[in-house]
Amino acid sequence: MLNQELKNQLAQLLDLMEGDVVFKLSTGSDESSQKMEDLVNEVSDMSSRITVEKADLKRSPSFSVNRPGEDTGVTFAGVPLGHEFNSFVLALLQVSGRAPKEEQSVIDQIKAIDKPLNFETYISLTCQKCPDVVQALNLMSVLNPNITHTMIDGATFKEEAEDIMAVPSIFLNGEQFGSGRMTVTDILSALGQGPDASEFEGKEIFDVLVVGGGPASASSAIYAARKGLRTGIVADRIGGQVNDTQDIENLISVKKTTGTSLAVNLEEHINEYNIDVMKGVRAESVNKTDESIDLTLDNGAVLHTKTLIVSTGARWRQLGVPGEQELANKGVAYCPHCDGPLFEDKHVAVVGGGNSGVEAAIDLAGICKSVTLLEFGAEMRADQVLQERLNSLSNTTVITNAATKEITGDERVTGLTYEDTQSKEQQHIELDGVFVQIGLSPNTEWLGDTVNRNRMGEIEVDRLGATNVPGIFAAGDCTDQRYKQIIISMGSGATAALSAFDYLIRN
Ligand SMILES: Cc1cc2nc3c(=O)[nH]c(=O)nc-3n(C[C@H](O)[C@H](O)[C@H](O)COP(=O)(O)OP(=O)(O)OC[C@H]3O[C@@H](n4cnc5c(N)ncnc54)[C@H](O)[C@@H]3O)c2cc1C
């Protein structure tokens, strides 16, 4: 089941176990059960600290990871290979007593939860965002006996997961709780357990306060801290869009990395410096007085700073047509890498004929029965090489001059209506899913009219990253800089921090 290289790595990790662990295994006679038994037995054979017991769990095949005589509530329904293998090993180590790397304040927030929370997360083994959620909820489950978490592989439990159209899909006590990548901090904040305003009371005025947690923010904060400035970061999560990215091959000097690794590296680099990182909170408004710039957070806290760098990035742009919001996660999707496998042998459309739309269509053509790409203009805007690749595939169709008018469906997507912009005729296609790939919207609504923004909502900055308000700078995808890329965001973050430094020594 495991190749020799993986076994060697695993053997080293199993040496780190601090106590005994019991796998409770519930299997039948099907192929997935056999695979699960093979995996569990192979791993238990590698350590005398692990024993396996037969059990009757809610789902079969599944197994739970427990301490002797004490159920932790961590369960894997489906074989945790692929991207979930790390989640399995991590759960094993944490259940054995290995201390998590989370900050003590976060561990305390988890332990303080005093009501029963039973989480279930539907995943696919090819989803790169899923392990973060699985690992976060497993950790919460290990640390708090009131919390349980079951990872459910949609491919193993096809019938149960029939209505799940986006992974990870998280349920709490039977109700939809969240979807997409969530860290422990995100989950605590969604549970109303995020940092309390009192934790921020009495903070001294900052020299530089950075809002956002993506590459631009990391770079701004590091540059500011390296100038010896009193620096803080306010972010709902660290990593930004990088968290939603699969492979990255254009961060110059790093030949290839993944979004998840880069997000971890950004956080580690930030933590090398004396930077006050305030995670799990969002900036809600900003106000400039004669004394300071005041930033109000969503937990009610108000922070004061001499300069502010806004680097709140961007999110997937929505079509804004009827059906899109109502059917989100019920067939309307934005991330082909994550959700593509849920549309195996189904008919899908991709809206958008730029590079990301055409790449998505090519990717989906390998999984889905048919892919229809809808482009608003008369021609696709993607690179020629991508268009040629798309056109060479037998199960793809391209429709140009198509303005999407509605996504139809009740409980799940059943089709899409578009208008032919030339003939003005409405057409309808029957579909199981729609992937929206029409670019990004800046996360700048919270600024109101404090700083000048263009008609797309992007913050207008000069070449030094300065906005029209003295002392307020901006960087990255939330600004009107033409190109939106990691390396460009990092560069503009550095520029904004150096400009803030310059401003501080002159004012
Ligand atoms: C699927 C995908 C693939 C990509 N692939 C590549 C690639 O291969 N190479 C490349 O160079 N670029 C790639 N990009 C683009 C790249 O990720 C972005 O250009 C880059 O992340 C922008 O960085 P940023 O710091 O400006 O903003 P973001 O990464 O968007 O980060 C902004 C952060 O601020 C937070 N935030 C927002 N509002 C608030 C608030 N009010 N309070 C607190 N925090 C807030 C957000 O949650 C987020 O964490 C990709 C993007 C996507 C979506």
| Given H placed on each backbone N at 1.01 Å, which residues far from A349 in sequence or on other chains put an amide H within less than 5 Å of it? | T372, G433, V434, F435
| query | Any idea how far the Cα center of the range 300-377 sits from the one of the range 437-476, in Å? | reply | 23 Å
| task | Grab every C-alpha pair in the chain, bin the distances at 20 angstrom width from 0 up to the longest one, and report whole percents. | result | 21, 50, 27, 1
| remark: In nanometres, the difference between 0.36 nm per residue of separation and the alpha-carbon distance of Q4 and E160 is 52.7 nm
| remark: Taking Cα pairs closer than 8 Å and at least 6 residues apart, the relative contact order of the chain in percent is 12 percent
| task | Would you mind telling me the share, in percent, of accessible area of the chain contributed by carbon and sulfur at probe 1.4 angstrom? | result | 45 percent
| task | Apply 1/(1 + (r/R0)^6) to the Cβ-Cβ distance of D247 and N271, taking R0 = 35 Å, and write down the FRET efficiency to the nearest 0.05. | result | 0.90
| field | Karplus (6.51, -1.76, 1.60) ³J(HN,Hα), θ = phi - 60°, over the range 24-32, in Hz, Gly and Pro reported as x | value | 9, 10, 10, 9, x, 10, 7, 5, 5
| request: Calculate, for the range 332-436, the solvent-accessible area per residue in square angstrom, rolling a 1.4 angstrom probe over the heavy atoms of the protein chains. | output: 46 Å²
| query | What ³J(HN,Hα) values, in whole Hz, does the Karplus curve 6.51 cos²θ - 1.76 cosθ + 1.60 give for the range 294-308 when θ = phi - 60°, with x put for Gly and Pro? | reply | 10, 10, 9, 9, 6, 8, x, 5, 10, 10, 10, 8, 7, 9, 10
| query | Taking the range 287-384 on its own, what percent of its Cα-Cα pair distances exceed 16 Å? | reply | 68 percent
| task | Using only the Cα atoms, work out Rg/Rh for the range 4-190, with Rh taken as the Kirkwood radius, to two decimals. | result | 0.94
| task | May I ask you to list the GluC sites (Glu not before Pro) in the range 238-294 that are in a DSSP loop and have at most 15 other Cβ atoms within 10 Å of their Cβ? | result | E249, E272, E291
| Cα extents of the range 114-206 along the three principal axes, largest first, in whole Å? | 54, 29, 20
| field | Test item: Cα-centred dipole of the chain, Lys/Arg +1 and Asp/Glu -1 on Cβ, debye | value | 1080 debye
| said: In Å, what Kirkwood hydrodynamic radius results for the range 246-303 from the alpha-carbon pair distances? | reply: 14.4 Å
| query | Going down the list K129/K158; K158/K346; K35/K346; K7/K58; K255/K484, which pairs span over 25 Å between their C-alpha atoms? | reply | K35/K346; K7/K58
| remark: Rounded to whole Å², per residue accessible area for the range 122-254 with a 1.4 Å probe reads 36 Å²
| task | Per residue of the range 354-361, in order, report the coupling 6.51 cos²θ - 1.76 cosθ + 1.60 (Karplus, θ = phi - 60°) as ³J(HN,Hα) in whole Hz, putting x for Gly and Pro. | result | x, 4, 5, x, 5, 4, 4, 5
| request: Calculate, in nm to one decimal, what D462 and V254 gain on full extension: separation in residues at 0.36 nm each, minus their alpha carbon distance. | output: 72.0 nm
| query | So for the pair S285, I505, with labels modelled 7 Å out along Cα→Cβ, what separation do we get in nm? | reply | 3.6 nm
| message | If you scale each eigenvalue of the Cα gyration tensor by 5 and take the root, what three semi-axes come out for the range 157-221, rounded to whole angstrom and sorted largest first? | response | 35, 17, 6
| task | Identify, among W446, Q387, I505, the residue whose Cα sits farthest towards the positive end of the charge dipole of the chain, taking +1 on the Cβ of Lys and Arg and -1 on the Cβ of Asp and Glu, with the dipole about the Cα centre. | result | I505
| note | The answer for N329, listing residues at least 5 apart or on another chain whose modeled amide H is closer than 5 Å to its amide H, is none
| query | Can you give the helix-only mean residue ellipticity at 222 nm for the chain, where every DSSP H stretch with n ≥ 4 adds -39500 (n - 2.57) and the sum goes over all residues, rounded to the nearest 500 deg cm²/dmol? | reply | -8000 deg cm²/dmol
| task | Please check which bits of the range 1-28 a label hung off A99 would reach, taking the label as a point 7 Å along Cα-to-C-beta and the cut-off as backbone N under 20 Å. | result | 13-20
| query | For the range 219-372, max minus min Cα coordinate along each principal axis, in Å, sorted largest first? | reply | 60, 41, 23
| request: May I have the convex hull volume per residue, in Å³, for the Cα set of the range 332-436? | output: 84 Å³
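The values are calculated or read from the model by the stated rules, or taken from the named source; none is laboratory data. Here the structure is a predicted model, which is why all the values come from computation and not from measurement. FYI the Cβ positions are ideal-geometry reconstructions off the backbone, even for glycines, and counts take in every protein chain you see. Surface areas here come from the heavy atoms of the whole protein model, side chains and all, with no ligands, DNA or RNA. Shrake-Rupley method; radii C 1.70, N 1.55, O 1.52, S 1.80 Å.
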